[in-house]
1. Restricted to segment 336-368, and to residues that are outside any loop (DSSP other than H, G, I, E, B) and charged (D, E, K, R), which residue is farthest from the chain's Cα centre (by Cα)?
2. Taking segment 210-226 only, how many residues are under 18 Å from the mean Cα position of the chain (by Cα), open to solvent by less than 30 Å² (accessible area, probe 1.4 Å) and hydrophobic (A, V, I, L, M, F, W, C)?
3. Collect the residues in segment 158-186 that are closer than 22 Å to residue 104 by Cβ and either part of a strand (DSSP E or B) or not hydrophobic (A, V, I, L, M, F, W, C) (or both), keeping them in residue-number order.
4. Here are some residues: 115, 70. Which one is in a strand (DSSP E or B) and more than 14 Å from the chain's Cα centre (by Cα)?
5. Which ones in segment 140-157 are under 27 Å from residue 191 (Cβ atoms), open to solvent by less than 70 Å² (accessible area, probe 1.4 Å) and part of a strand (DSSP E or B)?
6. Would you check if residue 207 is open to solvent by 20 Å² or more (accessible area, probe 1.4 Å), closer than 21 Å to residue 158 by Cβ, over 17 Å from the mean Cα position of the chain (by Cα) and not aliphatic (A, V, I, L, M)?
7. Can you name the strands (runs of 3 or more DSSP E) wholly within segment 193-312 that have at least 1 residues being in contact with a Leu (Cβ under 9 Å, 6 or more places away or on another chain)?
8. Would you tally the residues in segment 304-325 being more than 22 Å from residue 219 (Cβ to Cβ) and open to solvent by less than 60 Å² (accessible area, probe 1.4 Å)?
Amino acid sequence: MTRIKSFLVLLCLVVAGFAANAQGGNSGEVQGRIGQTGNVISTAVPFMIIAPDARAAGMGDVGVSTSPDVYSMYWNAGKYAFLEDDFSVGLAYSPWLRKLVSDMNIAYLGVAKRVSPMSTVAMSLRYFSLGDINFTDEDNHSLGTYSPNEFAIDACYSRKLGDYISGAIAARFIYSDLTQGIVNYSKPAYSVAADLGVYYQRPVNWFRNMAADFNWGVAITNIGSKMAYSDANTKKDFIPTNLRLGATMNMHLDDYNEVAVSIDLNKLLVPTPPIYYKTADGRDSIGVDGKPVIYKGKDNDVSMVTGIFQSFYDAPDGFSEELREFTIGIGVEYWYDKVFSARAGFFHEDKTKGNRRYLTFGAGIRYNIFELDISYLVPVNNTSNSGVNPLENTLRFDLVFNINKWKKDSTKLERTKERN
């Protein structure tokens, strides 16, 4: 793949709603009228907002309030305190945007360990590979084949704050090396970030002759420093600081069947790009201070803290545009005898903010200490003039290994034998 093709890949990521700015420059500043060309919010390291696990991906990318599992770090670390297993290991993998590149993928490794009846610690590693790219110079001479990649490693502490509520804090290191030093003046970028999460889980008697649990959750993730891919840059890129909130109703139909219905609302806490005045030839109009003159909206070259608060009121089209910046995911999960599961969901993003809309389907099976999940994504719209959706036919796989659950089950079996 030539260097030109590599930049086309990054452009397709923008079209797909996961916009990346590898050069750390003025991404998203040149915009047309909202509603015609859209006003997509771009960030560095967009892989940080790609759902890693097949269970949540099969439910329309919902997970802030679903029952806890080893992949809760991405969705809401507060859930770990209610994790039933003493020690869990999870491994997830997804070939990513295979309609564009044959060797792009994302992998995820998570570990969770209960340290007391009230608290749990967890760690995870997220790795994103853009595949092998053959860089060339201006004369099309090969500069070598390189493998741009990004990763994040994090750890968290989650604790019950009462019988039905828990909270968590997580710390994260993010590293991004997209140019491998080939592009002039470029360098790897990095950031440190934190997550905050709250989770609530309680049995309710809202239905006649049927037990149920009601859960809700709130999480703010990737609260961290901005990133720069070059020492020459005067403007750094935001990382995808994110607000997610949602609720789940888990209904126990009988001794063998249960159904959970979940909904998530999600918003990037990143400033919206403003609309600039244009010159006669279509370029940005530059003011006496050397900066483009803003027609509508607010300057998005602000600090991380200011950017979080500004993201709630800076949309050029006002409150209606702020509402369009929320995405919504709705998911259903069915379990039979805690052995077999089937899932379905829908994800919606406004057409002016990335235009991701897709159905998802998934299934899972538990056997002894193992759990295997798979999900499949079906776009309901095209996001490019070619008619090809980059997210089409996306598959995700994950495996969970509940080590101490096996020990508890074995102990229970031995005690049963002793009583007999």
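1. 366
2. 1
3. Residues satisfying the conditions are 174, 175, 176, 177, 179, 180, 181, 186.
4. That would be 115, the only listed residue that is in a strand (DSSP E or B) and more than 14 Å from the chain's Cα centre (by Cα).
5. 146, 149, 150, 151, 152, 154, 155, 156
6. Taking the combined requirement at face value, the residue does not satisfy it.
7. 210-224, 242-252, 257-268
8. 6
The values are calculated or read from the model by the stated rules, or taken from the named source; none is laboratory data. From a predicted model like this one, the values you see are computed outputs, not experimental measurements. Please note: Cβ atoms are built from the backbone with ideal geometry, for glycine as well, and neighbour counts cover all protein chains shown. Surface areas here come from the heavy atoms of the whole protein model, side chains and all, with no ligands, DNA or RNA. Shrake-Rupley method; radii C 1.70, N 1.55, O 1.52, S 1.80 Å.
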